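What follows is a single structure, written as structure tokens, with notes after it.
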Amino acid sequence: MSLIPSFFGGRRTNVFDPFSLDVWDPFQGFMTPSGLANASGKDVAAFTNAKVDWRETPEAHVFKADLPGLKKEEVKVEVEDGNILQISGERSSENEEKSDQWHRVERSSGKFMRRFRLPENAKMEEVKASMENGVLSVTVPKVPEKKPEVKSIDVSG
């Protein structure tokens with residue numbers, strides 16, 4: 001369920017989530033022809049907002065990112081500042097031949113980056129990532145919760 005209406009660029013981000021580093025940019029695509037090129041003329045993609053699910057299990061934080069058409073060599077998973085998980089990569093644009101006539105271009109290309117601030121219970125030194133069928137899975141194990149020590153005391157009487 002999205003807490004930001006779709007008129008804010010279709011982003012599905014929870015603004016009330018303190019761990020999300022996604023910020024809606026009101027100027028994204030501003031003053032550019034159809035929002036596809038930035039001022040330097042480089043491609044800027046709608047792919048920038050790669051969709052990521054983050055769920056927490058009792059054992060780990062699990063991230064799943066839809067990255068269709070990308071190979072694992074084109075994706076980077078990094079840990080920054082000890083508790084920030086960064087997923088980034090780039091999809092190359094299609095080679096254009098002079099004789100080609102394009103009728104429609106809907107697939108995006110360019111760089112993407114998503115960052116997530118993880119809570120203190122994350123074991124950032126044990127992060128594992130795998131990619132299968134265009135879905136990147138990143139697992140960040142959690143520090144086991146310390147159970148309170150209970151000591152039974154005999155009641156004398």
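The values are calculated or read from the model by the stated rules, or taken from the named source; none is laboratory data. Everything numeric in this text was worked out from a predicted model, so none of it was measured. Methodologically, a virtual Cβ is constructed for each residue, glycine included, from the backbone with ideal geometry; neighbour enumeration extends over all protein chains shown. Surface accessibility is based on the protein's heavy atoms, side chains included, excluding ligands, DNA and RNA. Shrake-Rupley method; radii C 1.70, N 1.55, O 1.52, S 1.80 Å.
Going through the range 42-94 one residue at a time, which ones are assigned to a loop (DSSP other than H, G, I, E, B), buried (at least 19 other Cβ atoms within 10 Å of the Cβ) and modelled with pLDDT of 90 or more?
L67
Examine the range 97-114 for a residue that is open to solvent by less than 70 Å² (accessible area, probe 1.4 Å) and at pLDDT 90 or above, and state whether such a residue exists.
Taking the range 97-114 as the starting set, the residues that turn out to be open to solvent by less than 70 Å² (accessible area, probe 1.4 Å) are 108-110, 112, 114.
Within this subset, residues satisfying the condition of being at pLDDT 90 or above are 114.
Yes; the residues of the range 97-114 include at least one that is open to solvent by less than 70 Å² (accessible area, probe 1.4 Å) and at pLDDT 90 or above.
Does V150 satisfy the criteria of being β-branched (V, I, T) and under 15 Å from G82 (Cα atoms)?
Against the criterion (β-branched (V, I, T) and under 15 Å from G82 (Cα atoms)), V150 does not qualify.
Looking at (1) over 24 Å from V140 (Cα atoms); (2) open to solvent by 60 Å² or more (accessible area, probe 1.4 Å); (3) at pLDDT below 55, which is the one condition that is false for A37?
That leaves (2) as the condition not met.
Filter the range 129-157 down to the residues that are hydroxyl-bearing (S, T, Y) and touching a strand residue (DSSP E or B) at 6+ places or on another chain (Cβ under 6 Å) and list them by number.
S130, S137, T139
Give the residues of the range 115-142 that are of a type in the set (D, E, K, R) and either part of a strand (DSSP E or B) or buried (at least 16 other Cβ atoms within 10 Å of the Cβ) (or both), sorted by residue number.
Keep residues of the range 115-142 that are of a type in the set (D, E, K, R), which gives 115, 117, 120, 123, 125-126, 128, 132, 142.
Within the range 115-142, R115, R117, K128, E132, K142 meet the criteria.
Could you list all residues from the range 95-121 that are among the aromatic types (F, W, Y) and touching a residue at least 60 places away in the same chain (Cβ under 8 Å)?
Selection gives F112, F116.
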